[in-house]
Amino acid sequence: MSSRARAAAALASLGILGLGWGTATAQGQVALALNPPTTDTTTPSDTASSDTTASDTASSDTASSGSAATSGSGASSSSGGTTSSSSTGSWADGTYTGSTARHRYGSVTVTVIVANGTITGVSESVVSDGDRKSNQINARAVPAMRSAVLKAQGDDVATISGATYTTEAYLTSLQSALDQAAA
Amino acid sequence: MGAPFVFAAMGTVISLHSARPVPRATQDAVLTAFATLEDRFSLWRPDTEAARFARGELALPETTEAFRQVYDEAVTWRLATGGAFTPHRPDGVVDLSGIVKAIALRDAGAVLRAEGLTDWCLNAGGDVVASGHRASGEPWVVGIVDPLDRSQLFTEFQMGPERWAVATSGTAERGEHVWRLGADDTFVQVTVCARDIVTADVLATAILAGGPEALARAQELDDIDVLACSAGERVWASAVFLAA
């Protein structure tokens with residue numbers, strides 16, 4: 001897919017999300033606020049499962065009509081322990097996750113990735129109740145910076161995945177080190 | 001955790017970690033799962049069925065049922081991925097090694113389950129399939145190599161329901177058996193986490209070869225998590241890999 005087509009697809013899906021939010025807002029069930037950005041110094045374990053975290057912080061009875069992705073200083077009402085970003089100018093680098101919005105067809109969570117003050121990626125996780133397809137959408141890989149990827153904890157790693165090593169290269173591989181440590 | 005069972009096959013090294021000791025007979029059965037496929041599909045040995053087929057000494061109808069099953073599976077994946085994964089080398093030779101190692105892992109997993117082992121992690125040259133938990137009760141965690149520094153881990157992935165397989169394809173791969181589709185060189189390393197190892201392995205290869213277009217297609221095809229790395233600062237990552 002060309003980058004233009006990709007951008008169009010992203011915009012189209014945002015449009016759909018916008019509709020979802022609109023619908024839900026009309027029902028007075030939406031709470032949208034941006035969580036503070038997580039930075040490299042955040043421990044990965046705090047942020048292990050975005051799915052679970054998102055649904056945990058969802059609050060369907062707190063009403064707010066903020067429009068999350070576009071407001072840097074708006075969306076001041078918080079829900080379920082989430083707070084809005086206080087940045088007023090350009091965005092601070094990090095990954096911003098909106099609180100989960102529930103609507104009649106399921107729930108929506110938006111994640112915005114900011115690098116060098118600009119938005120480099122937007123991902124939406126749409127969970128429609130009882131729909132297997134929704135898991136696939138939820139797992140979609142989105143463009144991001146290396147720094148946004150969770151770091152390996154290291155000590156609880158049991159095995160290593162990487163490009164195939166030869167029998168000889170195994171001897172100097174991380175997997176070899178792990179096997180010897182366990183032996 | 002006891003000592004892992006480590007052996008060489010298919011030009012690489014296989015490591016089996018298990019929460020419980022693996023009986024000798026079960027170790028042998030795992031070895032056999034790899035050896036059986038290697039005996040039929042190795043192109044490094046002139047006497048195998050695959051080598052004879054590659055040289056044109058055997059036509060497809062003359063091959064064994066076991067050979068055609070793997071060939072069919074590879075061709076089915078070629079169609080599903082729009083050619084991004086293919087068993088056909090640019091020089092016309094049919095090379096099934098891109099899928100055979102994953103099938104061996106799948107077979108070995110079936111052997112372990114049949115022997116009543118429920119908690120293990122099996123790694124063949126960087127492709128991993130697991131079941132259950134570690135002896136400590138913790139999940140199996142797979143470290144993913146940093147493509148920019150292979151002596152370091154980039155991130156990690158936790159095995160669990162619907163995600164028992166992790167495969168990584170990279171341009172550092174042995175024998176360069178990933179043939180790029182067109183000239184897309186967006187990715188230098190692609191990791192796919194899926195329900196089963198053949199899906200993970202094939203789609204990792206397809207995405208590495210076919211770039212972002214193949215990535216989009218692969219995610220239409222199946223429920224997978226992906227971490228695709230460029231040679232620079234950009235990555236394409238499923239939510240599970242991102243700080244949220």
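Can you give the accessible area buried between chains B and A, summed over both chains, with a 1.4 Å probe, in Å² to the nearest 100?
Chains B and A together bury roughly 4900 Å² of accessible area.
Quick one: compute the contact order of segment B:5-242, relative version, from alpha carbon pairs under 8 angstrom and 6+ residues apart, as a percent.
Rounded, it is 17 percent for segment B:5-242.
Applying the Karplus parametrisation 6.51 cos²θ - 1.76 cosθ + 1.60 with θ = phi - 60° to the phi angles of segment B:87-104, what ³J(HN,Hα) value in whole Hz is obtained for each residue in order, glycine and proline being reported as x?
So the J values, rounded to whole Hz, are x, 9, 6, x, 7, x, 6, 7, 10, 8, 5, x, 10, 5, 5, 5, 5, 4.
Given a 1.4 Å probe, how much area per residue of segment B:5-242 is accessible, in Å²?
38 Å²
Hey, got the average number of other protein chain Cβ atoms within 10 angstrom for residues in B:141-150?
Shielding by partners across B:141-150 averages 6.
Just grab the label-to-label distance for B:ARG55 and A:ASN116, each label 7 Å out from Cα along the Cβ direction, in nm (one decimal).
The modelled label-to-label distance comes out at 5.5 nm.
Using a probe of 1.4 angstrom, how much of the accessible area of segment B:5-242 is carbon and sulfur, in percent? List each step's numbers first, then the result.
Working: 4800 of 9090 Å².
Of all accessible area on segment B:5-242, carbon and sulfur atoms account for 53 percent.
What is the set of long-range amide H partners of A:VAL142 at a cut-off below 5 Å, with H atoms built 1.01 Å from backbone N?
B:ALA237, B:SER238
Starting at the first residue of segment A:142-154, write each ³J(HN,Hα) from the Karplus equation 6.51 cos²θ - 1.76 cosθ + 1.60 with θ = phi - 60°, in whole Hz, x for Gly and Pro.
Along segment A:142-154, the couplings run 10, x, 7, 8, 3, 5, 7, 7, 4, 7, 5, 6, x Hz.
Count the net charge of all other residues whose Cβ sits under 14 Å from the Cβ of A:SER176, scoring Lys and Arg as +1 and Asp and Glu as -1.
-1
Based on the Kirkwood radius over alpha-carbon pairs, what is the Stokes-Einstein translational diffusion coefficient of segment B:11-89 at 10 °C with 1.306 mPa s viscosity, in µm²/s?
Diffusion coefficient, whole number: 107 µm²/s.
Need one word for segment B:5-242: rounded, prolate or oblate. Basis is the Cα gyration tensor (sqrt eigenvalues a ≥ b ≥ c); a/c below 1.5 gives rounded, then a/b vs b/c decides.
oblate
What nm value, rounded to one decimal, do you get for the distance between B:THR64 and A:ALA183 when each label is placed 7 Å out toward the C-beta?
Distance between label points: 3.3 nm.
Label-point separation (nm) for B:GLU115 and B:SER151, each offset 7 Å from Cα along Cα-to-Cβ?
Taking the simple label geometry, B:GLU115 and B:SER151 are separated by 3.6 nm.
For segment B:24-29, what does the Karplus curve 6.51 cos²θ - 1.76 cosθ + 1.60, with θ = phi - 60°, yield as ³J(HN,Hα) per residue in whole Hz, taken in order and with x for Gly and Pro?
My calculation for segment B:24-29 gives 3, 4, 6, 4, 4, 5 Hz in order.
The values are calculated or read from the model by the stated rules, or taken from the named source; none is laboratory data. Worth saying up front: this structure is predicted, and the values here are computed from it rather than measured. With ideal geometry, Cβ positions are generated from the backbone for all residues, glycine too; neighbour counts draw on all protein chains shown. Note: accessible area is taken over every heavy atom of the protein model, side chains too, but ligands, DNA and RNA are not part of it. Shrake-Rupley method; radii C 1.70, N 1.55, O 1.52, S 1.80 Å.
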